[in-house]
Every structure is written in C-alpha cells, then in structure tokens.
Amino acid sequence: MTEPVNRQPRYWEEGHLSFSGGGFIGIYHVGVAIAFKKFAPHITSRKVLGASSGALASMCLVTNMPIDQIIKGIATMSTHCRSLALGPFDPRFSIFNIMKTALTENACEDAHQISTNKLFISLTRATTLENKMMSDFESREELIDVLLASCFIPYFLGLVPPTIRGVSYIDGGFTDNLPTHDENTITVSPFAGMATIRPRPSTSKLPDIIYTPENAIRMVKTVFSPPPKALAEVCQEGFKDALEFIREHDLFACESCALLPNKPETRSCRRCLDLISEAENAGV
C-alpha cells in the first residue's frame with residue numbers, strides 16, 4: 001500500500017479561500033476578504049468555498065460585490081433585529097426573506113456565470129443528511145436559491161427547505177461547515193477551532209467555540225443581533241487576522257505581481273514593498 005504524501009501548501013501558486021458558517025458574526029469574513037483583496041489579490045482571483053453564511057461571503061467575493069453594500073446590509077439587518085422585542089424570534093423578523101431580497105437586489109445579472117466552477121457551496125440533503133458541493137448554476141435565480149439553502153436551518157428559518165433541481169437542501173454546515181479542497185485551501189472561521197485563519201484567543205472578542213448550526217440556535221442572541229459597534233470590531237478582527245496570515249506566509253502582491261505564476265525570488269517590486277510597509281503601519 002502506498003503511503004499518503006503530506007504535501008506542503010503552495011499558497012502563492014494555488015492557495016484559495018474557504019469560509020465557514022457563523023451567522024451575523026460572519027462579518028468576520030468581510031474583514032478577511034478586504035485584507036486579501038488589497039494585499040493578496042492573486043488568492044481571491046481563484047475558486048472560493050463556503051458553507052452557510054460563509055457561502056454568502058464567498059459569493060460576494062467571487063462576484064466582486066461592493067464591500068460597502070455588504071457591510072451596510074448586515075448592519076441594517078442587525079439593527080432591525082435588535083429593535084424587535086423578541087429579536088430574531090419576533091414574527092416580524094424574517095431573515096430568510098431579508099436575505100433573499102438582498103441577494104435579488106444586489107447580485108449582478110451574470111452572477112451565476114461568474115460563479116460556475118469558481119464558487120463551491122456546501123449543502124446538506126434534507127432527506128439523507130448527505131453533503132453536496134455545488135459549483136454549477138443554471139441561472140441567477142438558482143444561484144440565489146443555492147445560497148439560501150446553504151443557510152437554511154430548519155424550524156428557525158422556516159419549515160419547508162429550499163428545493164434545487166427537485167431536491168430539498170438545508171444548511172451545509174450540518175455536514176461540512178468548513179469545506180476543504182486540498183492542502184492549499186485557506187480555511188476561515190470566526191470561531192476558535194481548526195481553521196487556518198481564526199480569532200486569536202488572547203485578544204479575540206469572539207466566543208471560544210466551534211460553530212455548528214445547532215450551536216447557532218443556542219447562540220442566537222449574541223450571533224444574530226450584535227450592536228453595530230461589535231460588528232465593526234469583528235470585521236476589523238477578521239482583517240487583522242488575515243493580514244497576519246498574509247505576512248506570515250509572505251503572500252503580498254501588487255496587481256501586477258499577482259499575475260505571476262510563482263512567487264518572486266526577491267522582493268524588488270516597489271509596489272509590493274509599499275504594500276508590505278502599509279501592512280506594518282497597520283500594526284500587524
């Protein structure tokens with residue numbers, strides 16, 4: 001029998017991101033995405049994986065949805081949730097319909113074409129509880145349905161799960177909350193656990209737990225309705241943690257160097273050096 005080969009990651013050449021579920025605290029992913037788009041754009045130009053709210057972050061990254069729209073949408077939803085007497089359990093708060101409206105209004109017309117074979121979304125078959133990774137989308141509407149299905153927690157978001165091509169699906173986090181393709185997958189989670197990029201325990205304001213859809217029900221008061229200031233802090237934490245990873249693995253690349261197939265042997269590009277200096281000034 002051939003022994004398995006433990007290959008070292010080749011992040012510069014083949015690194016790609018995977019975002020876990022995390023409810024509203026998934027705004028951590030927004031901070032991570034901002035850091036990679038600015039300091040390591042070659043990573044964000046490749047495929048992206050995601051489960052649950054992480055699938056939403058992945059789609060936004062793949063389709064290049066404006067970051068300010070994403071932050072504004074999350075903040076508006078959180079503020080509305082906190083204004084209701086029963087919070088997310090209030091009958092007037094339908095997060096499923098809010099997400100569907102936001103995706104319908106903001107997803108570009110060719111989002112499904114851009115996402116096909118580049119965006120990989122984790123789903124769970126409702127009847128067999130088997131995982132399915134979907135990466136081909138026949139229409140913009142189907143892409144939106146797949147995203148909603150990947151976030152669908154039964155009873156909490158509704159009784160009837162979304163149906164895609166005749167099959168009912170629920171939250172992808174039930175069966176694979178942190179999708180991984182190979183050793184080059186850079187996993188991201190707003191909670192402590194095994195993710196490559198995650199909050200630092202000594203300074204994190206986030207819970208020291210591993211996210212699952214079941215835990216989301218128990219954490220609903222903190223995960224689904226943090227105040228705007230807390231949202232901003234979580235987003236900033238994601239940015240700093242991602243920037244630390246980029247620095248640790250020397251993944252800095254300007255837009256020109258991001259097109260190179262391999263990492264430059266020497267750091268002679270002035271624009272790359274400016275990015276490194278900017279990161280140092282950011283306190284990372």
### Electrostatic dipole magnitude of region 71-177 [Cβ: Lys, Arg +1; Asp, Glu -1; Cα centre; debye, to 20]
320
### Task
May I have the extent of the alpha carbons of region 9-55 along their three principal axes, as whole Å values ordered from largest to smallest?
31, 19, 15
#### Entry: Calculated FRET efficiency for the pair Thr104/Leu159, C-beta based, R₀ 25 Å, to 0.05
0.70
## Note on the structure
Any lysines whose Cα falls less than 24 Å from that of Lys240, other than same-chain ones fewer than 8 residues away, would be Lys37, Lys38, Lys47, Lys72, Lys205, Lys229, Lys263
### Query
Looking at the square roots a ≥ b ≥ c of the eigenvalues of the Cα gyration tensor of region 43-87, which shape do they give, rounded for a/c under 1.5, prolate if a/b is larger than b/c, or oblate?
oblate
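FYI, it's all coordinate maths here, none of it is from the lab. Because the structure is predicted, anything quoted here is derived from the model rather than measured. Quick reminder, even Gly has a Cβ in these numbers, built from the backbone with ideal geometry, and neighbours come from all protein chains shown.
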